[in-house]
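Okay, handing you the structure first.
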Amino acid sequence: MSKEPPKPKIDARKLGVWLDSRGAKVECPICGHKKWSALTGANHVGNVLPYGNGEGQQYMDGFPILTLFCQNCLFIKNIALTEELLAEVRSDEPE
Ligand SMILES: [Zn+2]
């Protein structure tokens, strides 16, 4: 049996710094609340968006995303987790 590779963790502080550097608003667009939780808990990366070739064929792999939800109204927002972003916001803690 093969061992599952370690899952990268997101450093919430680094993500906040990155979002601030892009001028992203912290407030929920629905209710104005400012606290968000990661859908996958403990900030593990693990969500994907299904995608394909634009002609109805879906790729086996999904597009990696970081899904956050508002702690007040549960509105969900997704951030594309590109390799460049993951390199910037990955936790330095051992995986
Ligand atoms: Zn909200």
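Every number in this text was worked out from the coordinates using simple rules, so none of it is lab data. Computed from a predicted model, the values in this text were never measured in an experiment. Note that we place each Cβ from the backbone using ideal geometry, even for glycine, and neighbour counts take in every protein chain shown.
Could you size up the charge dipole of segment 12-89 around its Cα centre, putting +1 on the beta carbon of Lys and Arg and -1 on that of Asp and Glu, and report it in debye to the nearest 20?
Charge dipole of segment 12-89: 460 debye, to the nearest 20.
While we're on this one: Please compute the net charge surrounding L85, taking Lys and Arg as +1 and Asp and Glu as -1 over other residues with Cβ under 15 Å from its Cβ.
+1
While we're here: Pop the C-beta distance of K25 and D61 into the FRET formula with R0 = 35 Å and round what comes out to the nearest 0.05.
FRET efficiency, K25 to D61: 0.70.
Taking the dipole about the Cα centre of segment 12-89, with the C-beta of Lys and Arg at +1 and of Asp and Glu at -1, give me whichever of P64, A87, L19 is farthest to the positive side.
Projecting each Cα onto the dipole axis, the largest value belongs to L19.
State, to one decimal in nm², a quarter of the convex hull surface area for the C-alpha atoms of segment 12-89, i.e. the direction-averaged projected area.
In nm², the orientation-averaged hull projection of segment 12-89 is 6.1.
For F69, what is the net charge nearby, where nearby means another residue's Cβ is under 11 Å from its Cβ and Lys, Arg count +1, Asp, Glu -1?
That works out to +2.
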